[in-house]
Amino acid sequence: MTPSEDPALVRVLAADGSLAHTAAAEPYLPIIEALSDADLERFYRDMAVIRAFDQQATNLQRQGQLALWPPSFGQEAAQVGSARAARPQDHLFPSYREHVVARIRGVDMLDIIRVMRGLTHGGWNPFDPKNGNTHLYTLVLGAQTLHATGLAMSMAFDGRCGTGDPERDEAVIVYYGDGASSQGDVHEAMVFAASYRTPEVFFLQNNQWAISVPVSTQSRTPLYRRGEGIGIPSIQVDGNDVLASYAVSRVALDEARAGEGPRAIEAMTYRMGAHTTSDDPTKYRTAEEEQSWALRDPIERMRLFLRGRGASDAFFADVEAEGRALADDVRVRTVALETLQTAQIFDNVYASPHPLVDEERAWLARYEASFEEGAS
Amino acid sequence: MTDAAAPAPITLPISRALNAGMRRAMEESDRVLLMGEDIGRLGGVFRVTEGLQADFGERRVIDTPLAESAIVGTAIGLAMGGFRPVCEIQFDGFVFPAFDQITAQLAKLTYRHEGALQLPVVIRIPYGGHIGAVEHHQESPETYFTHTPGLRVVSPSTANDAYWMMQQAIASPDPVIFLEPKSRYWVKGEVDVAAPALPLHASRIVRRGTDVTLVAHGAMVATALQAAALAESEGTSVEVIDLRSLSPVDYGPILDSVRRTGRMVYAQEAPGFVSLGSEISATVMERAFYSLEAPVLRVSGFNTPFPPAKLEGVYLPDADRILEAVDRALAY
Ligand SMILES: Cc1ncc(C[n+]2csc(CCOP(=O)(O)OP(=O)(O)O)c2C)c(N)n1
């Protein structure tokens, strides 16, 4: 399942780390040329550090510390490029494996760990400025695309986009997968977005597989072309090329923010590991396929590129140390995570008092107390 | 004398019994086909359909695109075309994108066609808690379906029932919501492949007792049996009934039992407000009022969303919580 390449694909960085852009990448070159060394190193650091974290989280699941882990292994470039293209005032709607997107926006990785440990259904407050307008993970596939569209509608209705002030204009970026793209919700979200010209970017990470089902079962056309049919200008990018991912996201978000309506991006990438820690990909895909994609690893590609530009050993050592530090920190803090109070079951079911919930809360307290009395 | 030709009972985990039931139905009719996400090569995330695609091919065991509304909606059309589709919904919490197709379409089309159309569609849903999973992976949506006229709703709790009820559901001319208690998939039991013990819509006494009638469905049947064993050690005799069919409900064995014991408790994982427990308790009070020595009591999940996994042990009724209700019933 190595997809034949669409001539419309935007790529600037070849798998060997050399700059070799496709024809479709031409308009994006100025954006990439304007990036500083610090920007480029930032991209690499983001990707490499999250991979270390991801590996640690996978290990923690294997050791029974987490109920489940959805690895982002292999998809780092699409995520970093798009998240770095967003401005502080933008809102981001992840699905459930956009760990580095959340990190870039400020979410503490422990907040994601707590979801996967079974301590919470949410984990962080998107409206707290420290979380960078990152919304909660959504496990029902595609549901978040409608929420994102609604929020983007609110921006359009309130005149919070298209004012001509890019420091203030807002946009939304929503993430979903190739499998999720088959859901009615996603199509309905796109129809509303097009109808109401929302400031919104639909960011599809085509990682080739929806658990065991290949993308060819979801779509007979390249997925980015679906947006066109609904009236949303759409583009396909090499999602393992962080520079191209950044550039196309940057343009799409800028256009959306400027009031030009929604945009869609299909990032061609690959889920290099299992779907989640419950999954066994050897049941449905070949080692050859996995190897062919391993040769296009997004981090290795960027490493070679930076090397070619003279990045120092000290830089790479520092990134490695930062990854290790994050992984160690996450391990220590995960194992030390709090337990829950049973009464938390009843918290926040409703925003205002509810007699049935109050009654059950009181019943549970009495019931638990009866055991304590019995024990003493 | 036993019939020498009758196959001997075999022991299977519930997941394999379901698989064997589907296999037999597929062998008997080439109009039976399976559809769902990841059910082919992977054999489903719980491996319930494992091996069936290899044996019956990709047109009879269909790995569908990822769209629940489409899975159920196209199953309706396939049934119109004379097929008998068996749809798998991957997890309970993901049935809702198909809710319109199930409750507003599938359930009503025979009625709207004034009987000119039958829709033999089975929708399999692994449901319920006790697997420590993340959100949307352990819910109990049975009430939504039992509330909808036009649907039949069943839930086997043993391997034998899994094997036979699956075949009976596929043979049903009506749509059947087939709820599989997922925490029990790996529990083994004896399967009598010669003949079904009971029809699809019968309830069954699974343990005899004289003091209290305890009724449950799905995974809660096992918890009820646990509670009954504990009660026995304390000198209380609990009769346990496995509902098996959630809609229609077979009240016969329940009412008979209540007339003998005079007391009843209903145990379920789902929230209690407007639930199977509510319905059955109301009916028992209507039909066996003069036999009752105590009000029918309900033990259920709390009336909250299913909590994060670390709290499911508190949320889901355990044997202690059932016994607390049994004691209350006895205290009247
Ligand atoms: C509505 C719904 N149906 C089924 C599932 C179970 N499920 C979780 S992830 C997944 C595959 C998703 O594939 P894709 O959208 O390509 O995203 P990826 O996981 O590959 O990033 C499935 C079937 C779900 N979460 N939601």
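The values are calculated or read from the model by the stated rules, or taken from the named source; none is laboratory data. Worth saying up front: this structure is predicted, and the values here are computed from it rather than measured. Positions of Cβ are backbone-derived with ideal geometry, glycine not excepted, and every protein chain shown enters the neighbour counts. The area values use the complete protein model at the heavy-atom level, side chains included, leaving out ligands, DNA and RNA. Shrake-Rupley method; radii C 1.70, N 1.55, O 1.52, S 1.80 Å.
If I ask for residues that are hydrophobic (A, V, I, L, M, F, W, C) and either over 19 Å from the mean Cα position of the chain (by Cα) or within 12 Å of the ligand (Cβ to nearest atom) (or both), which ones from region A:191-202 would you list? A:V191, A:F192, A:A193, A:A194, listed by residue number. Output yes when any residue across region A:219-232 is within 11 Å of another protein chain (Cβ to nearest Cβ), open to solvent by less than 10 Å² (accessible area, probe 1.4 Å) and within 16 Å of the ligand (Cβ to nearest atom), and no when none is. No - not one qualifying residue is present in region A:219-232. Taken over region A:349-375, the criterion of being outside any helix (DSSP H, G or I) and within 9 Å of chain B (Cβ to nearest Cβ) is satisfied by A:V349, A:H354. One residue stands out among those in region B:112-139 that are more than 14 Å from every other protein chain (Cβ to nearest Cβ) and in contact with a Phe, Trp or Tyr (Cβ under 6 Å, 6 or more places away or on another chain): the one that is farthest from the ligand (Cβ to nearest atom), which is B:V122. If you go through region A:147-159 and keep only what is surrounded by fewer than 18 Cβ atoms within 10 Å (Cβ to Cβ) and not acidic (D, E), you end up with A:G150, A:S154, A:F157, A:G159. Of the helices (runs of 4 or more DSSP H) contained entirely in region B:40-142, those carrying at least 3 residues that are open to solvent by less than 10 Å² (accessible area, probe 1.4 Å) fall at B:68-80. A search for C-beta distances below 6 Å between a residue of region A:170-186 that is more than 13 Å from the ligand (Cβ to nearest atom) and any residue that is part of a helix (DSSP H, G or I) and open to solvent by 20 Å² or more (accessible area, probe 1.4 Å), counting only pairs 6+ apart in sequence or on different chains, returns A:V172/A:L151.
When B:E293, B:E279 are checked against the criterion of being away from chain A (no Cβ under 14 Å) and part of a loop (DSSP other than H, G, I, E, B), B:E293 stands alone in meeting it. Contact map, region A:134-157: residues that are at positive phi paired with residues that are assigned to a helix (DSSP H, G or I) and of a type in the set (S, T, N, Q), Cβ distance under 9 Å, separation 6+ or inter-chain. Pairs shown: A:G142/A:S181; A:G142/A:S182. Out of the residues in region A:84-108 meeting the condition of being touching a His at 6+ places or on another chain (Cβ under 7 Å) and among the hydrophobic types (A, V, I, L, M, F, W, C), tell me which one is nearest to the ligand (Cβ to nearest atom). Among residues in region A:84-108 that are touching a His at 6+ places or on another chain (Cβ under 7 Å) and among the hydrophobic types (A, V, I, L, M, F, W, C), the one nearest to the ligand (Cβ to nearest atom) is A:F93.
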